[in-house]
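A short worksheet on the structure shown next.
Readers should treat all values here as calculations from the given coordinates under stated rules, not as data from a laboratory. All of these numbers come straight from a predicted model, not from anything done at the bench. Reconstructed Cβ throughout: ideal geometry from the backbone, glycine too, with neighbour counts over all protein chains shown.
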Amino acid sequence: MKRIPGVILVLVLTLSLALAACQPKPAEPQTIQIGLQAPLTGDFAAEGQWAVQSVEVAKELLNKKGGVLGKQIEIIVADDASNPKDSALAAQKLISQGLKAVIASYGSSVTAPAADLYDANKVVSVGYGCTAVRLTMEKQRPYFFRTSGRDDTQSEFFAKFAVEVLGAKRIAIMHDNQDYGRGVAEDAKKFLQPYIDAGQVELVYYDAITPGESDYSAVVSQIKEINPDVWFFTAYYPEAALLLKQARQAGYTGLFVGNNSVPTPEFEKIAGIDVIKGSIHLNEPMPQFLNYPESIEFMEAYKAKYNELPGSIWAVYAADALNALAAAIQKAGALDPDAIAQTMRTMTDVKGITGPLMFTERGDRKNIPYYAYIYNDQGQLELYYPK
Amino acid sequence: MQLLLEQLTNGLTIGSFYALVAMGYSMVYGVMKLINFAHGDFFTLGSYLGYTILVIGSGWVTRTFGLWGGIALAILGAMLGLALGGLLVERVAYRPVYKAGRLPLVVSALGASIFISNGIMAVWGPRFQAYPQTGIPSGTLRLFGEIYIPDIKLVTLLVSLTLMAVIYFIVEKTLFGAAVRATALDRETATLMGINFRSIILFVFSVGPALGALAGVFAGLNYSRIIFNMGWGYGLKAFTATIIGGIGNIPGAMVGGLLLGLLESLFEGFVSGAWKNVFVFLILIVILIVRPTGLIGEKVAEKV
């Protein structure tokens with residue numbers, strides 16, 4: 001084959017570049033496009049699905065009320081597959097579609113790389129299930145917000161609750177060596193320290209498990225041997241279900257306290273009612289216990305559409321992320337990232353499904369309360385503290 | 001003492017999963033010199049078949065045949081399904097490229113692995129599935145007052161060890177077993193001696209996947225949580241067990257699997273859970289340095 005002379009090649013390239021530049025600009029979209037990054041596959045696939053459904057319901061409610069800036073809202077979904085690597089890809093995908101505001105994502109280690117990308121590209125992102133402290137406190141990301149609370153709130157609540165309400169003397173803390181779990185565990189240890197120093201309580205176990213495995217009988221035997229009053233598990237529901245199930249089979253009878261990503265329908269299904277009853281779980285207000293007018297309206301619409309309630313609070317936070325963004329865009333008067341971010345920091349009168357939507361200078365949600373819930377004998381959650 | 005005994009039982013149970021899966025790896029490698037990447041997915045598929053048998057008609061099998069009858073049916077169904085599945089994969093993915101050399105075969109195995117695991121995801125969905133609570137025995141045996149062994153764990157251990165003994169007997173003590181071993185040693189010469197290579201292939205590609213399926217159903221019964229990509233983790237561990245025992249050597253795979261399970265449990269129980277995998281793979285490296293052919297690897301090493 002003859003080689004194409006270089007000159008012709010250069011000419012063709014230049015020409016095609018020139019042509020590309022002459023392309024008419026795409027027409028102004030007729031909708032307000034907002035991205036949603038969610039784990040649709042992988043370990044948190046259930047959370048991702050609930051998030052998509054919740055955001056869909058929130059979108060329909062907003063659109064029924066006239067949308068934003070007179071336009072209807074359109075949601076563009078990207079799957080981050082529950083892992084940081086695909087999270088960066090999902091973020092790239094949404095950024096390259098020219099979005100200015102996105103809802104992203106569930107899981108702290110998954111959200112971190114995406115938040116960096118959104119920030120670098122001046123896209124406002126709102127997390128809904130990422131609670132690691134470092135996301136907002138390690139460095140300032142001017143375009144990052146979250147509708148969920150922060151881990152240290154939970155850890156502080158745990159220390160006080162375990163010692164002063166449950167009267168625990170010997171506490172075990174177990175995490176999974178991932179961002180989120182280790183963060184909660186480290187903070188819990190920190191907040192327990194004053195009680196330990198005062199001789200009120202003893203930390204009898206502090207270690208990690210390997211996430212993603214099926215057999216935790218070795219750890220479980222160890223827990224049974226140590227026999228703590230309170231066994232605080234700070235990671236996700238798949239491992240929690242297996243650990244608790246295997247611990248009960250092994251004859252551990254002490255109290256199991258799960259953190260906010262444990263009590264989900266999946267947890268109940270894998271472990272079974274006999275195993276979960278009597279276990280206590282710390283959480284931000286759970287969907288079925290929300291009673292603001294906005295929550296009731298949302299839950300009714302959700303139930304009408306999907307015939308169930310959202311499986312976790314995180315999905316509802318995703319819906320509230322949309323509510324916060326919609327309100328901020330409306331107030332800012334344009335789809336301009338700087339104006340939206342500025343408005344998010346200063347707005348005080350926006351009511352969400354989970355209460356007032358207000359954010360700190362660093363992007364954290366203000367005033368998130370914490371509760372302890374207990375599974376009753378029918379395997380249903382009841383409010384345990386504070387009543 | 002009590003803790004040690006418990007950790008030993010834990011280790012043996014995990015080890016028997018690894019051993020069952022490892023045997024399948026080793027059989028195929030011995031005869032075809034192929035690392036069958038699809039083997040971990042046979043395990044997952046077996047687990048899903050057992051799950052399906054237990055959940056159809058919301059527990060019809062368990063209601064009709066009783067708890068243990070249901071479990072036996074789930075196991076038999078999954079093993080039979082996978083014996084056929086294994087033969088099908090061999091026919092479709094391996095036989096056509098067998099003459100092309102080892103590299104195309106390995107790529108084809110990877111393809112089969114991806115195909116099966118994505119197929120499972122497409123059929124059963126990407127979310128966790130849970131074996132039904134009604135189909136799983138919940139009893140626990142109490143030994144010496146303080147040692148708890150769940151019934152299902154005991155059954156897992158007994159069935160796995162029995163099957164291993166049977167396979168060991170077939171491979172090491174029968175004429176057919178001698179043919180399998182001869183083929184593993186040198187296929188050309190074995191064929192010249194009148195050994196029917198196709199019947200050997202039939203054996204390894206039905207028994208291997210069936211053992212994987214058995215391990216898969218037991219994993220579901222023990223832990224109830226199953227997911228489409230779980231074969232990867234088990235496959236990796238079982239492959240490690242195969243290497244530890246000496247690849248291509250069936251008793252080696254059993255020993256490697258049980259040893260790996262014990263090491264994991266003891267380390268996790270007495271040192272640290274977070275460092276478990278680091279430790280396990282460190283052991284693997286040490287074994288490979290000291291005995292490059294694995295613990296029971298001499299027989300394979302004879303071959304140049």
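Listing for the model above:
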read-out	value
Rounded to 5, percent antiparallel among DSSP beta bridges of the protein assembly as shown	35 percent
Coordinate range along principal axes, alpha carbons of the range A:36-162, Å, largest first	48, 30, 29
Compactness relative to 2.2 N^0.38 Å, alpha carbon Rg of the protein assembly as shown	1.07
Nearest 10 degrees, 0 to 90: helix A:313-332 Cα axis against chain A principal axis	40 degrees
Of A:LYS190/A:LYS303; B:LYS153/B:LYS276; A:LYS93/A:LYS189; A:LYS190/A:LYS277, pairs whose Cα-Cα distance is over 31 Å	A:LYS190/A:LYS303; A:LYS93/A:LYS189
Sites A:GLU382 and A:LEU69, calculated FRET efficiency, Cβ-Cβ separation with R0 35 Å, nearest 0.05	0.20
Shielding by partners, peptide B:273-286 (average Cβ within 10 angstrom, other chains)	2
Test item: A:218-230 mean partner chain Cβ contacts at 10 Å	5
Placed amide H near A:TYR206: partners under 5 Å, 5+ positions off or other chain	A:ILE173
Relative contact order for the range A:152-283, counting Cα pairs under 8 Å that sit 6 or more residues apart, in percent	25 percent
Alpha-carbon centroids, the range A:78-132 and the range B:183-258: separation in whole Å	41 Å
Kirkwood Rh (inverse of mean 1/r, distinct Cα pairs), chain A, angstrom	22.2 Å
Kirkwood hydrodynamic radius of the range A:124-180, Cα pairs, Å	13.3 Å
Sites B:THR191 and A:ILE273, calculated FRET efficiency, Cβ-Cβ separation with R0 45 Å, nearest 0.05	0.15
Whole-Å distance, taken between Cα centres, linking the range B:142-159 and the range A:324-387	49 Å
Normalised contact order of chain A, rounded percent, pairs of Cα under 8 Å and 6 or more residues apart	17 percent
All-pairs alpha carbon distance profile, the range B:5-129, 5 Å steps from 0, percent	2, 10, 16, 18, 17, 15, 11, 6, 3, 1, 0
Longest to shortest principal axis, alpha-carbon extents of the range A:152-283, angstrom	39, 28, 24
Relative contact order (%) - chain B, alpha-carbon pairs under 8 angstrom, separation at least six	36 percent
Residue list for the range A:357-387, given a label point 7 angstrom along the Cα-to-Cβ vector of A:VAL165 and an amide N cut-off under 20 Å	A:367-387
Whichever aspartates and glutamates have a C-alpha closer than 15 Å to that of A:LYS65, once near sequence neighbours (fewer than 8 apart) are set aside	A:GLU56, A:GLU74, A:GLU294, A:GLU297
Estimated inter-spin distance, B:PHE176 and A:ILE76, nm [label 7 Å along Cα→Cβ]	6.1 nm
Over 26 Å [Cα-Cα, the range B:19-229], rounded percent	40 percent
Label-point separation, B:LEU158 to A:GLN288 (7 Å along Cα→Cβ), nm	4.0 nm
Cβ-based exposure ranking for B:TYR48, A:TYR306, A:TYR128, in which fewest neighbours within 10 Å come first	A:TYR306, B:TYR48, A:TYR128
Compactness index (Cα Rg / 2.2 N^0.38 Å), the range B:162-304	1.18
10 Å Cβ neighbours from other chains, averaged over peptide A:42-55	2
Spin-label pair B:ARG102/A:GLU300, simplified geometry with 7 Å Cα→Cβ offset, distance in nm	7.0 nm
